[in-house]
Amino acid sequence: MDDSDSDHIDYNDPACFSRLFGPGLPVPTYQSPAAVRKQARERSQTIHDTSTALRDVVIRHEDTIQKRWMKKSRQQRLKILLECWPGMAAIHRPDFDAFRKENGQLRNGGTRYRDHYLWPYINQEDLCKPKNILLLLNARARHHASAFAAADITAIRLGMTSTAIVPIYLNEYVMILNGATDVDSYGKVINWDDHEDAFDWMHTQKQFLPGEGLLVLEIQERILKFLLAFCKAVLRDIPVEALKSDTYQIQPEPHLKTEIETNGFDSLAVMAAEAPYRLPARIDFARIDLLLEAKVSAAKDHIWALREDPDYFANRVNDIKDHRQEMLKDTKGNIHPALRPGRQNILGARVVGNLIVEAYSELEIFAELHRQGKELRLLHEKYASQLSPSKDLPKELLGHILTFRYFLTQAAKGPLSQLLHNVSASPPLRRLFARQPPPDATTSKIAIMSVNESKRTAVEGRLLWLLNTLWENGRTLFLAGMPLILDELQRFLEAEPEAANLVSSRIAEMISNASIISQCLSQLDQFQPWARSFENAEEDQLDEIQQKFAVWAKPLGNIIHGLQEQYLLPVADLASTSQKRFFYPVEKRRTKDTVEALRQAEENLDRFWQAADKIVDSRCKHLEGTAARALFSGNRVLQRTPEWVPQTSTETPADKKVGPVETVDSVEELSKPLSTLYFGSTSGQRISQEPKPKTKTKTKGLPSSDQTAPLTTSLPIEASEPAPTIAVDPRSLKVFRTLFFNPGVTSSPGEIPWQDFVHAMTSTGLFAAEKLYGSAWQFQRLGSKSQTRIQFHQPHPRGKIPFTNARRMGRRLTRVFGWVGDMFVAKGE
């Protein structure tokens, strides 16, 4: 439609929607201003009267209600719920279930499941759990309805975007809900001409369109009536007229145990599940900052481990290879051409490309998001005293929020794209997919199709539908929103062991990355009432924001385009895990053979990175302006195994029976500078550390280069002050002795049950644990101004940390917090 057509539209006619937005959309019902005002006044009065009565009951009997409800069986709870809300939806998020049943199609005649869309959190499955209805009762009874207005309209997003719910239409009016705390102003309908700010309130969505406002009032009215009926049902032995009489004194507000008080750790899934029943949270910029800071730290440690630990490197190479779509057989049962003899270096080059690009991209993306998140936290602190729901956000703060929001949505495409290319080939799900035969043997383009659909279980079908919704990034994800889909996916994985076993550790990491981004977006959505206007405000600044993104993304684009397979063919063989090239028996007692195996694996790893870094440097323009370049310019050193030196001291005959021992107590005593890095080097120069005395070691005939020091150059670690001791229980001490394994102290390192690791970290009294989505857990340092956080991935699917993983986790704890094995002692010592 052109501009001339719009001049002839009657915007007071609901049918104009068809001309504005195209045919097929339902035409809203028109109501007159008088009818809307009458309905709003009646509902507002009912809300006021019901909430007053509810509050009078709760301030006297909440503790009794909590104790009685907790003691009831599920059947007893269900009976009360259905008595108070006949026909209550049966399952969690009934709106989502209804959307799937109706195939997500736009509706001209409404939906059969209107209640499911209007009250998605009122359902038997969730409210039969002990805490949820008690949280809902506490929040709604002790706070004015206006505190929930923005959250209530946000809760029906799926119904609104899918047009299952269509608000009535009334143009040139606005309804006041936000900030209105008395019965006369709450739900007041104002014509644009009757108040100088009315149009602005509507345009910026600080207040509500009349149709949206009526929906909010309808939602709140029924919830409050339901909660009052619930109180009467639980307290049925007390006469109704006595419930709020002076016979019962007003009591202090009771306390419901939090997740950390119950289980010893917080859970993002539990927090998300309980959020609809609590007072809407306020935005927590500090949480965004710290969440992203922990992810940046993890991304750096991942890059470090790839260079330092041959076993970690080999496992990651094999994991990437196992999830490549070349591993799928085609529809005729043939293997991919890249797997045939003589062509495997092609697949190896693709795997190496994945390895390097994924590691660097993850660091670049989350480092930039963390930088912006930190700026936002500081800006919010700067303007906090000036913020008012009746005023616009300061332009500087709004601009940063909109930029951050855009970067988050772009960043989310990374893990979603990874899911697209990895899920079908993941070992647990590979049998459900096949490749189309490639048009030629050299192409890297692969077409995937589903197979064996009739043999899928219900769990497999549900899991793949959720994953497919994420990676398609299409209409369904737009309508439902990424936070909802990720919440549903995490809930499904926790509820269905079969589904959890179908998700490999690599896929779980991708889900974790997406959930961190989603959590940041969810936090921004809580910045009400301004959050409702972010989409419209972003359109006004989109060109400027996109230009900022393009400038930032240019170095990342250089990395992606510079590391295509044809450039990495020369290093593919160096990354091959065949012939025990990276065999790294770090768990074994130190003998001459063991030490030589460790050193050989480390040398093979150094040789790969020496060659790979030359390609990265030449193809990716020295990584200038990137977080990776900053990382490699630091003072970190690689820990390397010292040479085997037989004992030379005077020995007794008994000593000689023991055999040769090392002259050092631990494999970690020698370190190597980043002498094989070429980033930013020119004319034969290389990045180096501050000059330090070097220990001469043998090179074992390795080829030398004018640009590098010998691969086995080692540096002594400088002495430091004795570390403070931390007293822990025997269960935790066993964990820490494995994390900081010393072959001279612990003879047989073993696996660590994940729950023992969580217990060990929290039992020190220094950390609070939080389970994120996917496989990620976050540990926040307590009693520290910086509140440093560190993230680890729970092993999947066995739930036990192999020793090699535990050793890497110990190294990370050493780098971040300075922890060493000698710090931990048994309580009482």
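The values are calculated or read from the model by the stated rules, or taken from the named source; none is laboratory data. Every value quoted in this text rests on a predicted model; they were computed, and no experiment measured them. Neighbour counts are summed over all protein chains in view; Cβ atoms, including those assigned to glycine, are modelled from backbone coordinates with ideal geometry.
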>> Being in a loop (DSSP other than H, G, I, E, B) and more than 29 Å from L235 (Cα to Cα): is that true of G87 here?
In response: no
>> Given (1) assigned to a helix (DSSP H, G or I); (2) buried (at least 19 other Cβ atoms within 10 Å of the Cβ), identify the lone condition not met by A630.
In response: (2)
> Restricting attention to the range 763-779, which residues are closer than 28 Å to D311 by Cα, at pLDDT 80 or above and out of contact with any Asp or Glu (no Cβ under 6 Å at 6 or more places or on another chain)?
Replying inline: A769, K771, L772, A776, W777, F779
>> Could you list, ordered by first residue, the pairs with Cβ atoms under 7 Å in which the first is in the range 387-402 and closer than 26 Å to M175 by Cα and the second is in a loop (DSSP other than H, G, I, E, B), at least 6 apart or interchain?
In response: P389/N178; P389/G179; P389/K206; P389/P529; S390/G179; D392/T204
> What number of residues in the range 42-52 are in contact (Cβ under 8 Å) with a residue 40 or more places away in the chain and surrounded by fewer than 16 Cβ atoms within 10 Å (Cβ to Cβ)?
Replying inline: 1
> Which ones in the range 168-179 are over 24 Å from S522 (Cβ atoms), in contact (Cβ under 8 Å) with a residue 60 or more places away in the chain and either out of contact with any Lys or Arg (no Cβ under 8 Å at 6 or more places or on another chain) or among the aromatic types (F, W, Y) (or both)?
Replying inline: I168, Y169, L170, N171, E172, Y173
> Just one of A760, A727 is within 30 Å of A500 (Cα to Cα), of a type in the set (G, A, S) and either at pLDDT 50 or above or more than 27 Å from the chain's Cα centre (by Cα) (or both); which is it?
Replying inline: A760
>> If I ask for residues that are in a loop (DSSP other than H, G, I, E, B), within 18 Å of E535 (Cβ to Cβ) and of a type in the set (S, T, Y), which ones from the range 151-184 would you list?
In response: S162, T163
> Can you find a residue in the range 431-448 that is more than 30 Å from E381 (Cβ to Cβ), hydroxyl-bearing (S, T, Y) and touching a strand residue (DSSP E or B) at 6+ places or on another chain (Cβ under 7 Å)?
Replying inline: no
>> Can you say whether G110 is in the same structural domain as H144 (by TED's automatic domain parsing) and within 16 Å of F226 (Cα to Cα), as far as the supplied structure shows?
In response: no
> In the range 231-247, is there at least one residue being touching a residue at least 12 places away in the same chain (Cβ under 8 Å), under 20 Å from L158 (Cα atoms) and either among the hydroxyl-bearing types (S, T, Y) or crowded, with 19+ Cβ neighbours inside 10 Å (or both)?
Replying inline: no
> When the residues of the range 529-547 are filtered to those that are under 17 Å from Q410 (Cα atoms) and among the aliphatic types (A, V, I, L, M), which remaining residue is surrounded by the fewest Cβ atoms within 10 Å (Cβ to Cβ)?
Replying inline: L542
>> Looking at (1) of a type in the set (V, I, T); (2) out of contact with any Asp or Glu (no Cβ under 8 Å at 6 or more places or on another chain); (3) closer than 27 Å to S522 by Cβ; (4) surrounded by 20 or more Cβ atoms within 10 Å (Cβ to Cβ), which one does I156 not meet, given that it meets all the others?
In response: (2)
> Hey, V586 hits all of (1) within 29 Å of the chain's Cα centre (by Cα); (2) modelled with pLDDT under 90; (3) of a type in the set (A, V, I, L, M, F, W, C) but one; which does it fall short on?
Replying inline: (1)
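Matching residues to (1) hydrophobic (A, V, I, L, M, F, W, C); (2) in contact with a Leu (Cβ under 7 Å, 6 or more places away or on another chain); (3) surrounded by 16 or more Cβ atoms within 10 Å (Cβ to Cβ):
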{"residue": "I365", "(1), (2), (3)": "yes, no, yes"}
{"residue": "E368", "(1), (2), (3)": "no, no, yes"}
{"residue": "S388", "(1), (2), (3)": "no, no, no"}
{"residue": "G414", "(1), (2), (3)": "no, no, yes"}
{"residue": "A425", "(1), (2), (3)": "yes, yes, yes"}
>> Exactly one condition in (1) in contact (Cβ under 8 Å) with a residue 24 or more places away in the chain; (2) more than 10 Å from F740 (Cα to Cα) is false for T814; which is it?
In response: (2)
>> When you scan the range 311-324, do you find a residue that is under 24 Å from the mean Cα position of the chain (by Cα), touching a residue at least 12 places away in the same chain (Cβ under 8 Å) and part of a loop (DSSP other than H, G, I, E, B), even just one?
In response: yes
